[in-house]
Amino acid sequence: MKPAAATDLAPAAATVALPRHVAIIMDGNGRWAKKRHLPRLAGHKMGVEAVRKVTRAGRAMGIEAMTLYAFSSENWRRPEEEVGDLMGLLRHFIRSDLDELVRENVRLRVIGDYRRFSPDLVAMIDDATGRTSANTGPLLAIALNYGSQAELAGVAQELARRVRDGAMAIEDIDTQAIENLLDTHDLPPLDLLIRTSGEQRLSNFLLWQAAYAELLFVDTLWPDFDAETLSQAIAAFGRRQRRFGGL
Ligand code: FPP
């Protein structure tokens, strides 16, 4: 059943508080394709088009950081052909869009265990992030083979190692010590987390980082998400009252 309370997006207001860091669970590519009797790959291709539109719009609006959930650690469970298609689209995206990202002063980051991908793709990703490493502008983080629980388990392992090696006392393990070891350690705090397609779940995405983020679930399918939908989402964020546990 379709969830009842996904947020209706009202027209964007002229000026609203801008989130520093927006993360998006890009959901609904398959349904977009199905509605048109097209193969799922067509939905993913339009999904990449939406990535282009939305990241350009985010930069134009002055959003400091965007994190996009492109491949979750659970996505390996999809048919091999679809996993291959998604990898192919990622390769194509890097080939076709990296020059623009370098030129636009974007700092490209990858979060997640992308080293499990095939060696040539790992090399492409490393080369791509390397080519933007001298940039100073907006951050674009792509989550690849990312899972929040595995990320936190990795942090726990690293902290245990440090304590075992005498580099750290148990009492020094505080929230900051954990934050410093997250894949997102050099991104601003997460302000807004959007999920498209009407589903209302976090699906193992940025669970720690979302502690005080505003959550926005919209009915729009990801391939239909564009600059206008993004500004409506930013406007919805601007109408929220953030209290961070205070009154
Ligand atoms: C969810 O839609 C989408 C994904 C699992 C993949 C998201 C990937 C892209 C938008 C393309 C790759 C991105 C880059 C940066 C090159 P779904 O397939 O779960 O849709 P459904 O729930 O309607 O079936």
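The values are calculated or read from the model by the stated rules, or taken from the named source; none is laboratory data. Since the structure is predicted, the reported quantities are computational estimates derived from the model, not experimental observations. Here the Cβ is made from the backbone with ideal geometry for all residues, glycine too, and neighbour counts use every protein chain on show. Only protein heavy atoms, including side chains, enter the accessible area calculation; ligands, DNA and RNA are left aside. Shrake-Rupley method; radii C 1.70, N 1.55, O 1.52, S 1.80 Å.
In region 229-247, the residues that are in contact (Cβ under 8 Å) with a residue 60 or more places away in the chain reach residues that are open to solvent by 80 Å² or more (accessible area, probe 1.4 Å) and of a type outside the set (G, A, S) with C-beta atoms within less than 8 angstrom, at least six apart or across chains, in these pairs: Q232/P11; A235/P11.
Selection of region 62-80 for residues being within 18 Å of the chain's Cα centre (by Cα) and surrounded by 15 or more Cβ atoms within 10 Å (Cβ to Cβ) yields I63, E64, A65, M66, T67, L68, Y69, A70, F71, S72, S73, N75.
Among the criteria (1) in contact (Cβ under 8 Å) with a residue 12 or more places away in the chain; (2) under 19 Å from S197 (Cα atoms), the one L38 does not fulfil is (1).
Considered as a group, the residues in region 81-135 that are open to solvent by 40 Å² or more (accessible area, probe 1.4 Å) and in a loop (DSSP other than H, G, I, E, B) include one that is farthest from V155 (Cα to Cα), and that residue is E104.
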